[in-house]
Amino acid sequence: MSESESASQSVSESTSESVSTSESVSASQSVSTTESVSSSESLSTSVSESSSNSSSISESEKPQGEVIITYIRENDGKEIRVPRQDTPKSDYNTPYDTTENDELPKYIEFEGKKYERVPSGGYPVGKVDSEGHLESSDPIKGKVEKPLSKITYVYKEVKEEPSTPTGNVYVHYVDTDGKIIEGDKNVTYVYKLVKTPTPVEPTPEQPSKPTTSPKQLPNTGTADSVATSLMGAITGLASLATLSRRKKDEN
């Protein structure tokens, strides 16, 4: 082999080695870059999933509570109405009010009886305030602060008094045949107070005094009448005697 051919072969081999080395480096860099990108994407996905799970756990563990209302009888605590939910499950610090939307009725009908919300005072079930609210239960207004808030109102049976019977008086005016001759009329009877007179005791009669002369009659006018009659009789007799004497003289 000539020197020229030897030199050419040497250059060719050198070039081939250089190309091979370059390709190896390029492939190595490409693999390294790909692995780095893949690792970065995997880390990003892991971080994202971790953040999402953390948010989900935080929401599910947030404290919540509900508010219900019960209505009971004052003597034995029996419920006379189905419990009513004022506030469904809500986050703590959610405000509530159990006096709205017919949640605090004055009367309740139960088993054919009528019940009325009690005034403030002490009852067999406990002490009650002016709203008929059992003080041992939760406040009637406030904020959700526990899993279950229970507000209780107390009622008592209404005893109805029997009504006093009343009526009207009507007067009918009819003739002998029973025919009405005037319409019905309301009649009012009027009374006045009559004073009872005080009884007067009779005065006992005084005995009459004896007369001094038996011939003297009481001064009643009878003596004058008798005297007049006697005088008339005497005059008559005298007249008869005179007539009789005259007849004898004439004979």
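Evaluated against (1) acidic (Asp, Glu); (2) farther than 30 Å from ASP76 by Cβ; (3) at pLDDT 65 or above, ASP224 falls short on exactly one condition, (3).
Please determine, by comparing only the residues of the range 98-111 that are assigned to a loop (DSSP other than H, G, I, E, B) and hydroxyl-bearing (Ser, Thr, Tyr), which one is farthest from VAL67 (Cα to Cα). The residue in question is THR99.
On the given criteria, is ILE69 part of a strand (DSSP E or B) and touching a residue at least 60 places away in the same chain (Cβ under 8 Å)? Steps first, please.
Working: part of a strand (DSSP E or B): yes; touching a residue at least 60 places away in the same chain (Cβ under 8 Å): yes.
Yes: the conditions hold for ILE69.
Filtering the range 177-185 for residues that are modelled with pLDDT of 70 or more and either among the basic types (Lys, Arg) or within 30 Å of ILE72 (Cα to Cα) (or both) leaves a non-empty set. Only one of the listed residues (LYS159, LYS114, LYS127) is in contact with a Gly (Cβ under 9 Å, 6 or more places away or on another chain) and either part of a loop (DSSP other than H, G, I, E, B) or loosely packed, with under 14 Cβ neighbours inside 10 Å (or both). That residue is LYS127.
Which of the residues spanning the range 88-143 are among the small types (Gly, Ala, Ser) and either at negative phi or within 18 Å of the chain's Cα centre (by Cα) (or both)?
Initially, the range 88-143 is screened for residues among the small types (Gly, Ala, Ser), giving 90, 112, 120-122, 126, 130, 132, 136-137, 142.
The answer is SER90, GLY112, SER120, GLY121, GLY122, SER130, GLY132, SER136, SER137.
The one condition from (1) aromatic (Phe, Trp, Tyr); (2) modelled with pLDDT of 65 or more; (3) loosely packed, with under 10 Cβ neighbours inside 10 Å that TYR189 does not meet is (2). Scanning the range 72-87 for residues that are under 16 Å from the mean Cα position of the chain (by Cα) and within 17 Å of ASP138 (Cα to Cα) yields a total of 1.
If you check GLY132 against the conditions, is it loosely packed, with under 11 Cβ neighbours inside 10 Å, modelled with pLDDT of 95 or more, under 16 Å from TYR153 (Cα atoms) and not aliphatic (A, V, I, L, M)? Walk me through it before giving the result.
Details: loosely packed, with under 11 Cβ neighbours inside 10 Å: no; modelled with pLDDT of 95 or more: yes; under 16 Å from TYR153 (Cα atoms): yes; not aliphatic (A, V, I, L, M): yes.
The answer is no for GLY132.
The values are calculated or read from the model by the stated rules, or taken from the named source; none is laboratory data. What you see is a predicted model; the values in this text were computed from it and never measured. Reconstructed Cβ throughout: ideal geometry from the backbone, glycine too, with neighbour counts over all protein chains shown.
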